[in-house]
Amino acid sequence: MNIAELQKKLLASARANPPSDDVPYAFEQRILAVLPSKPACDILATWNRRLWQAAGPCVAVMLLLGAWTRFAQHKDSSRETLAADLESSLYLPFDNSTETW
Amino acid sequence: MPDSATVERADAELIAAVLGGDTASFEPLLKKYQPRVFATARRYARRESEVEDIVQEVFLKAFHKLNSFRGDAPFEHWLMRLAVRTCYDFLRAHQRNREMSFADFTDEETDWLDRFAAKPSDASENAAAARELVEKVLALLSPAARLVITLLEIEDRSVKEVAALTGWSVPVVKIRAFRARAEMRKCLEKLARGKYL
């Protein structure tokens, strides 16, 4: 017997005869009878959804802050001023030779 | 006939009402989608009581998980995913003794096989015996093999659709489909060996 052909034929038979979509009479009443008054709150699903919702705004804020910091660095030389101030403060005792501790 | 956008809007309104505490709004959703869920469940369970239990479980799950429905895709797709996964769970929970011999076939099924062995074109695929036979062979398969054969080969869905319905990745679906076809061939060989090979 040709098994491959038999397999094809049986699958074709299943394809040609789809199951019925008949619904037993008033089946929906059976389900409605067992439904609670309100869907239960799925805490994990809610938490998951909120995290995904928060991801977009967080990335946007991060990008904005990154861009702003980079832009501010180029425009402002306060970093160099700060470095110079720090250096002069550190070397102040050595520069001022008259002062003794 | 309402277009799909209208249907989706109507579904979305009903879902919002259910989530707001109006349980009665679930009834139109139930009435609308239960034929599809019944047809899906009948692919995996034979006894009508089992089919009804599966459908009830699908809709109870849908009700309880309704707040996880994000509305990115139509409600029907979300519900069918739930239905397919529930059917898969059913198959896994009801893995009976999958041993079967040629003696388990009815006379009609044996006749059909005889006709097929003599001349394959003489055995009609529309015969009731062929339908019964394929049911029996599918029942011999492992749950994953039965699911993938049903979705890919019988319902004629694409690998991508099967992946979306089952939650498996595309490569996993391809591997399981390959194994499922081999498993089905092996089952047929085993059944026919005694008499024909």
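Worth pointing out:
- Segment B:1-94, relative contact order [Cα under 8 Å, separation at least 6], %: 29
- Exposure proxy shown here: for A:ILE3, B:ILE175, B:ILE154, B:ILE149, the number of other Cβ atoms within 10 Å sets the order, fewest to most, as B:ILE175, A:ILE3, B:ILE154, B:ILE149.
- Cα→Cβ-extended label distance, 7 Å offset, between B:HIS64 and A:LEU32, nm: 2.2
- Cα shape, chain B, gyration tensor, a/c 1.5 rule: prolate
- Theoretical FRET efficiency, 1/(1+(r/R0)^6), r = Cβ-Cβ of B:VAL170 and B:GLU76, R0 25 Å, to 0.05: 0.70
- Distance violations [Cα-Cα > 25 Å] among B:LYS32/B:LYS61; A:LYS8/B:LYS174; B:LYS119/B:LYS174; B:LYS160/B:LYS190: B:LYS119/B:LYS174; B:LYS160/B:LYS190
- Each of A:PHE94, B:PHE116 was scored by other Cβ atoms within 10 Å of its Cβ. Arranged with the fewest first, they read A:PHE94, B:PHE116.
- Against chain B, whose longest principal axis comes from its Cα atoms, helix B:170-193 is set at around 30 degrees.
- FRET efficiency for B:LYS160 and A:ALA12, using Cβ-Cβ distance with R0 set to 30 Å, rounded to 0.05: 0.80
- Cα-based helix-to-principal-axis angle, B:75-93 vs chain B, degrees rounded to 10: 40
- Cα gyration tensor category, rounded, prolate or oblate, for segment A:44-94 with a/c compared to 1.5: oblate
- The protein assembly as shown - mean residue ellipticity at 222 nm from DSSP helices (-39,500 (n - 2.57) per run, n ≥ 4, rounded to 500): -23000 deg cm²/dmol
Every read-out reported here was derived from the displayed coordinates using simple, explicitly stated rules and does not represent laboratory data. Everything numeric here is computed off the predicted structure, so don't read it as measured data. When we count neighbours, we look across all protein chains shown, and the Cβ atoms used for this are built from the backbone with ideal geometry, even at glycine.
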